[in-house]
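Everything below concerns the one structure shown next.
The values are calculated or read from the model by the stated rules, or taken from the named source; none is laboratory data. Note that the structure is a prediction, hence the values are computed from the model and not measured. Don't worry about glycine lacking a Cβ; one is built from the backbone with ideal geometry, like all the others, and counts go over all protein chains shown.
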Amino acid sequence: MSTPFFVSAPGKVIIFGEHSAVYGKPAIAAALSLRAYLLVTPSQDPDTINLSFPDINLTHSWNKNDIPWDSIVKHINLVDNLPQTSEELVPEIVDQLGSVLADLNSSLHYTACLCFLYLYTHLCNQELAGMSFCIRSTLPIGAGLGSSASTAVCLASALAILGNRVTSASFLQTDKILKKENNDLDFIDSWSLMGEKCFHGNPSGIDNAVATHGGAVMFQRMNNPAQPSVRTSMRNFPAIKLLLTNTKVPRSTADLVGGVGKLNVEYPKTSNSILEAMEHLSNTAYQIMVRPFFGAEERKKLRELVNINHGLLVALGVSHPSLEKVKIITDTSKLGSTKLTGAGGGGCAITLVDEDVSEADIAQGIAELEKEGYECFETSLGGKGVGSLSFEDVPQELRSTVFSPEKFCAYSDRIEIEKVLSTNALEGWRYW
Ligand SMILES: Nc1ncnc2c1ncn2[C@@H]1O[C@H](COP(=O)(O)OP(=O)(O)O)[C@@H](O)[C@H]1O
Ligand SMILES: C[C@@](O)(CCOP(=O)(O)O)CC(=O)O
Ligand SMILES: [Mg+2]
């Protein structure tokens, strides 16, 4: 695909099984309509790689010839000329990248640049002319909705396109696609997992799987690293009324996953029992969600399971007073059942809204949440996975606006980005 082009990937909501997913237990998640967008344009100087990640106040550039290619390439495991992913980030490569990351003095910027360069050195090569990469997200960042994974999927897919590792996406939104095996999507999924490993050491892979494939899934990481994770797509995912509340309390997935790891070491039997309870819970929820008839009884059961799941996450130590406040408000106003979603410690909660609650009562509940400074989202679940937008697929009169890096970097908010770029705004988005 010629430059400029866009790629985009969705965020996700974990409905059941965050944290236990890291320990090989099944979890259920669905793609969100909120997404990350990455614009790739040629650099003015063909030796320069430019990053512009305004959401995290990062601009950085490298001369591509300063990357120690020879010392890195010798550690890349190639099979049939294709780079292979590994269980852990290759320490020798991370070490070599240290020399070009040395001037980054914030850990936030360091991890974002490490993720970029780790994928760049594996998927592209020194001959590729310098490009500019600008990422914007309509997702809140660090709030439990998988912004790290959607960023990793955008980077993995764009770099796989530039490095000729995948074929271009071909299906339009309106095409009827019979999804079968798809090597390109599996390639993007597995490399975005390496990107997630740069953001936090021990990701289960559920976030990048949903951001790559879209839809809704039951996901299970295998305890034996040699075995691939199991991703069961849930085609008849029931229409559930979901309220998303962002407490805006910042937190880091890496710290929270690390905290559960410590608990596991200190109280292995206790924490294993909690993780096992989560396993039963996800399995039970799955059986309920795939029933051909999904009525009031099923909705009630799912709400009960949401309450239990939140209690178990509290026991793992990953809630936060702000999340408990969301729970108190939604419980008191009898909106439905609430649990934290994602890593917790702040960030977002989901409420499975009781179908009997009136729109007026929902509005009243939202007003109370907003009074606390929280932000409520109405969003749809189960949307498209990673997609790309080529210059040729955008009407000629819009191209200079859509593909302008200056304009893209300057959009003030989610609404502006979606107005220009969303699948509703442009019909040319293609999927693998
Ligand atoms: N739009 C973005 N631009 C650059 N980096 C991003 C962007 N969105 C997410 N990230 C990276 O992902 C990290 C947040 O990931 P994480 O703590 O896992 O929270 P979550 O995935 O729930 O949003 C950020 O600190 C940043 O490194
Ligand atoms: C806590 C966990 O289950 C989900 C983390 O999601 P997020 O980064 O908070 O959106 C970790 C994982 O599955 O990799
Ligand atoms: Mg994340």
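Could you please find all residues in segment 342-367 being out of contact with any Gly (no Cβ under 8 Å at 6 or more places or on another chain) and part of a strand (DSSP E or B)? If the condition is that a residue be out of contact with any Gly (no Cβ under 8 Å at 6 or more places or on another chain) and part of a strand (DSSP E or B), then 349, 350 are the ones that fit.
Of the residues 172, 128, the single one that is over 20 Å from residue 253 (Cα atoms), at pLDDT 95 or above and away from ligand 2 (no atom under 16 Å from the Cβ) is 128. Evaluate segment 129-142: report whether one residue or more is assigned to a helix (DSSP H, G or I), within 30 Å of residue 323 (Cα to Cα) and touching a helix residue (DSSP H, G or I) at 6+ places or on another chain (Cβ under 7 Å). So far as segment 129-142 goes, no, none of its residues is assigned to a helix (DSSP H, G or I), within 30 Å of residue 323 (Cα to Cα) and touching a helix residue (DSSP H, G or I) at 6+ places or on another chain (Cβ under 7 Å). Quick check on residue 121: is it touching a helix residue (DSSP H, G or I) at 6+ places or on another chain (Cβ under 7 Å), more than 16 Å from ligand 3 (Cβ to nearest atom) and at negative phi? Yes.
Residue-by-condition table, conditions (1) under 30 Å from residue 249 (Cα atoms); (2) surrounded by 23 or more Cβ atoms within 10 Å (Cβ to Cβ); (3) touching a Phe, Trp or Tyr at 6+ places or on another chain (Cβ under 7 Å):
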site	(1), (2), (3)
61	no, no, no
69	no, no, no
82	no, no, no
90	no, no, no
100	no, no, yes
104	yes, no, yes
137	yes, yes, no
144	yes, yes, no
156	yes, yes, yes
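Elements of the type strands (runs of 3 or more DSSP E) sitting completely within segment 151-252 and holding at least 2 residues that are away from ligand 1 (no atom under 12 Å from the Cβ), within 25 Å of residue 350 (Cα to Cα) and not hydrophobic (A, V, I, L, M, F, W, C): these cover 230-233.
The numbered conditions (1) without any contact (Cβ under 8 Å) to a residue 60 or more places away in the chain; (2) within 30 Å of residue 284 (Cβ to Cβ) are all true for residue 67 except (2). Can you spot a residue in segment 278-301 that is closer than 21 Å to residue 201 by Cβ, within 16 Å of ligand 2 (Cβ to nearest atom) and surrounded by fewer than 23 Cβ atoms within 10 Å (Cβ to Cβ)? The answer is no, given that none of the residues of segment 278-301 is closer than 21 Å to residue 201 by Cβ, within 16 Å of ligand 2 (Cβ to nearest atom) and surrounded by fewer than 23 Cβ atoms within 10 Å (Cβ to Cβ). Determine which member of the set 391, 408, 403 is touching a Cys at 6+ places or on another chain (Cβ under 6 Å) and at pLDDT 95 or above. Unique residue meeting the criteria: 408. Does residue 286 satisfy being touching a residue at least 12 places away in the same chain (Cβ under 8 Å) and aromatic (Phe, Trp, Tyr)? In short, yes. On the given criteria, is residue 100 more than 16 Å from ligand 1 (Cβ to nearest atom), in the same structural domain as residue 207 (by TED's automatic domain parsing) and of a type in the set (Val, Ile, Thr)? So residue 100 fits the description; yes. For segment 313-341, residues that are surrounded by 20 or more Cβ atoms within 10 Å (Cβ to Cβ) and assigned to a helix (DSSP H, G or I) total 7. One residue stands out among those in segment 213-242 that are polar (S, T, N, Q) and within 14 Å of ligand 2 (Cβ to nearest atom): the one that is farthest from residue 388 (Cα to Cα), which is 220.
Condition first: modelled with pLDDT under 95 and either surrounded by 15 or more Cβ atoms within 10 Å (Cβ to Cβ) or touching a strand residue (DSSP E or B) at 6+ places or on another chain (Cβ under 6 Å) (or both). Now tell me which residues in segment 376-387 satisfy that. Once the filter is applied, which keeps residues that are modelled with pLDDT under 95 and either surrounded by 15 or more Cβ atoms within 10 Å (Cβ to Cβ) or touching a strand residue (DSSP E or B) at 6+ places or on another chain (Cβ under 6 Å) (or both), segment 376-387 yields 377, 379, 380, 381, 382, 383, 384. Within segment 394-410, residues that are assigned by TED's automatic domain parsing to the domain that holds residue 421 sit with their Cβ atoms under 7 Å from residues that are among the basic types (Lys, Arg) and surrounded by 14 or more Cβ atoms within 10 Å (Cβ to Cβ), at 6+ positions apart or across chains, in these pairs: 401/407; 408/136. Residues in segment 319-337 that are away from ligand 2 (no atom under 16 Å from the Cβ) and without any contact (Cβ under 8 Å) to a residue 40 or more places away in the chain: 321, 324, 327, 328, 331, 332, 333, 334, 337. From the list 105, 81, 50, 57, the one residue that fits, being within 16 Å of ligand 1 (Cβ to nearest atom), in the same structural domain as residue 217 (by TED's automatic domain parsing) and at pLDDT below 95, is 105.
Looking at 373, 344, just one residue is surrounded by fewer than 16 Cβ atoms within 10 Å (Cβ to Cβ) and either within 16 Å of ligand 1 (Cβ to nearest atom) or within 27 Å of the chain's Cα centre (by Cα) (or both), and that residue is 373.
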